[in-house]
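The values are calculated or read from the model by the stated rules, or taken from the named source; none is laboratory data. This is a predicted model, so every value here is computed, not measured. Neighbour counts are summed over all protein chains in view; Cβ atoms, including those assigned to glycine, are modelled from backbone coordinates with ideal geometry.
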Amino acid sequence: MSDVPPLDQSPTRGPRIAHEGDLARGGMSWIRRVHDRLLERRAAMKVLDQSIPHPQLLARFLREAQVLAQLDHPHIVPLYELASDDAETPCFTMKLIEGKTLTELVSDRDLLGDLRGLNQALEVLLKVCDALAFAHGRGVVHRDLKPDNVMVGSHGQVYVMDWGVARLLSDEQLGRAGIPPERAVRCDRSLEGEGPEGIVGTPGYMSFEQAWGRDDEIDERTDVYGVGGLLFYILTGQAPVVADDLMAELELARRGQVRPPQEVAPGRSLPRGLCNVAMRALSPDRDRRFPTIEALRYELDRFVRGGTFQSQRFPSGTVIIREHELGDAAYIITHGHSEASKIEAGRNVVLRRMGPGDLFGEMAILTSTPRTATVTAVDDVTALTISRESVEEWLALDSWMGTLVRSMAERFRDVDAQLTTLRRTHLKLYVREQLLTAVVRTGEVSWTAVCSRLCSETQLAELDVLAIAADYDDLAVDQGSDSLRLVRRGEPPPMR
């Protein structure tokens, strides 16, 4: 270990590094909690297990430290120092993460029983994606993503851990990815392993190409599979592949057999959109997965920010939703304007004009009743479509919020019905007032003239105006003589 200097002694008595117990055990090393007396900080120390008979053990250990040292990112644990301990055993120190693994985070609480918990887990995945995207941009594939290798700090910090089996992209792959050679991580590329030795990782989270040891097929999509496995674990509490022993898991991974999350956890109300994202990422066919970590991250972010909405365009004059029809979607306008209206007492009543940012059509989804209004595109309209399915998924994830939203929707619908009744009553009184005003001076006027004017003003049909006149005993309509007159006091009421 002449090329690895010993750790300096403390200026005070005793060694600079004080060991405070083991934290974890890995395949070729173990991790200890240590106290750096010189800098007065606690750190994690990874120590090589020299008892393992492997000819390239030391070189691989050094390579891991070199990879980690060159991946300077907020969500990748920083390396402090490469050296040897007081027993001349190779080691390196890195930041000590105080927190929980994603395994512990999921097992400690039912994330799907609380929408905030699910959002917290998805936010962790987004940060994992950020770290991997950075690593991929430097030509490094992690290829051992699993819940135990994701740490969440006490204040929400997220770190992707254990880069010991990371693979460097070949020069050809770097060229296809557009990564300049000077930007790629620099270390010994001869230690990747070929054939059976290339089967590295954890079988339960191992991609199809990893399970077969196809080193030349390892690329960014291998980590896409890994993130899909993390999402699968969040949804189900299980790895994508589960068997009685490691060899059986490896065989299932080689078959690419992953059951849908809905089958693995039938008792859970799983968001279908997230299940679809997980299954696409976990496809055994690399070409069917998301092409990059950024593409996968985009889908996760869309869910966190409101679901996977589709954009639709409606030309001017298009009826987007129609009154009395059953609704299966709501809409958020992103461009253009639309007009909401409804038929009351036979006439079309304009309720409001809407523009970008306005939402409509949600009541039919929330209350499972027919639509109460028609919405028509005034000019060319582009809107995001929110399906009934996505709304129900979100409400099902948070029972109290679902109850609150549905209760408010029902109350709004009741108020809307009351307003409709009041508008109809007001319209009826207005027509009666106009009829009385027309005949109060002369006692009798042309029914056709008065009725035509009111039909034009109110958009009512002639039969609707006639029905309103017939409701009052002090008005008489004789269509044969085309007259509308007052009924005098003591005069028999008109024949109905």
Problem - Selected residue (only one of Ala44, Ala65 is assigned to a helix (DSSP H, G or I), surrounded by 17 or more Cβ atoms within 10 Å (Cβ to Cβ) and free of Cβ contacts under 8 Å to residues at least 60 places away in the same chain) - result: Ala65
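I'd like to verify a number: residues in region 167-182 that are surrounded by fewer than 22 Cβ atoms within 10 Å (Cβ to Cβ) and either within 22 Å of Ile31 (Cα to Cα) or touching a Gly at 6+ places or on another chain (Cβ under 8 Å) (or both), how many?
If we filter region 167-182 for residues that are surrounded by fewer than 22 Cβ atoms within 10 Å (Cβ to Cβ), which is where we start, we get 170-182.
Imposing the further condition that a residue be either within 22 Å of Ile31 (Cα to Cα) or touching a Gly at 6+ places or on another chain (Cβ under 8 Å) (or both) reduces the set to 173-174, 177, 179.
Total satisfying the criteria: 4.
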Completion exercise
Note on region 442-465: residues crowded, with 16+ Cβ neighbours inside 10 Å, closer than 26 Å to Val350 by Cα and of a type in the set (A, V, I, L, M) are Val450, Leu454, Leu460, Val465
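Do the conditions hold for Leu39, that is, is it aliphatic (A, V, I, L, M) and touching a residue at least 24 places away in the same chain (Cβ under 8 Å)? If you could, list the steps in order and put the result at the bottom.
Numbers: aliphatic (A, V, I, L, M): yes; touching a residue at least 24 places away in the same chain (Cβ under 8 Å): no.
So Leu39 does not fit the description; no.
To keep it simple, each residue is scored yes or no on (1) part of a helix (DSSP H, G or I); (2) modelled with pLDDT of 80 or more; (3) buried (at least 16 other Cβ atoms within 10 Å of the Cβ); (4) not acidic (Asp, Glu).
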site: Pro356; (1), (2), (3), (4): no, yes, no, yes
site: Met363; (1), (2), (3), (4): yes, no, yes, yes
site: Pro370; (1), (2), (3), (4): no, yes, no, yes
site: Ala383; (1), (2), (3), (4): no, yes, yes, yes
site: Glu389; (1), (2), (3), (4): yes, no, no, no
site: Met401; (1), (2), (3), (4): yes, no, no, yes
Practice task
Give the residue that is surrounded by the fewest Cβ atoms within 10 Å (Cβ to Cβ), with candidates limited to residues of region 273-284 that are modelled with pLDDT under 95 and out of contact with any Phe, Trp or Tyr (no Cβ under 8 Å at 6 or more places or on another chain).
Solution key: Asn276
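Just checking, how many residues over region 21-36 are touching a residue at least 12 places away in the same chain (Cβ under 8 Å) and surrounded by fewer than 14 Cβ atoms within 10 Å (Cβ to Cβ)?
Start the filter on region 21-36 by keeping residues that are touching a residue at least 12 places away in the same chain (Cβ under 8 Å), which leaves 21, 23, 26-36.
Right, trim to surrounded by fewer than 14 Cβ atoms within 10 Å (Cβ to Cβ) and you get 21, 26-27.
Within region 21-36, residues that are touching a residue at least 12 places away in the same chain (Cβ under 8 Å) and surrounded by fewer than 14 Cβ atoms within 10 Å (Cβ to Cβ) number 3.
Could you tell me how many of the residues in region 224-282 are part of a loop (DSSP other than H, G, I, E, B) and hydrophobic (A, V, I, L, M, F, W, C)?
Restricting attention to region 224-282, the residues satisfying the condition of being part of a loop (DSSP other than H, G, I, E, B) are 237-245, 256-260, 265-271, 282.
Add one more test, that the residue is hydrophobic (A, V, I, L, M, F, W, C), and what stays is 239, 241-243, 258, 265, 270, 282.
Number satisfying all stated conditions: 8.
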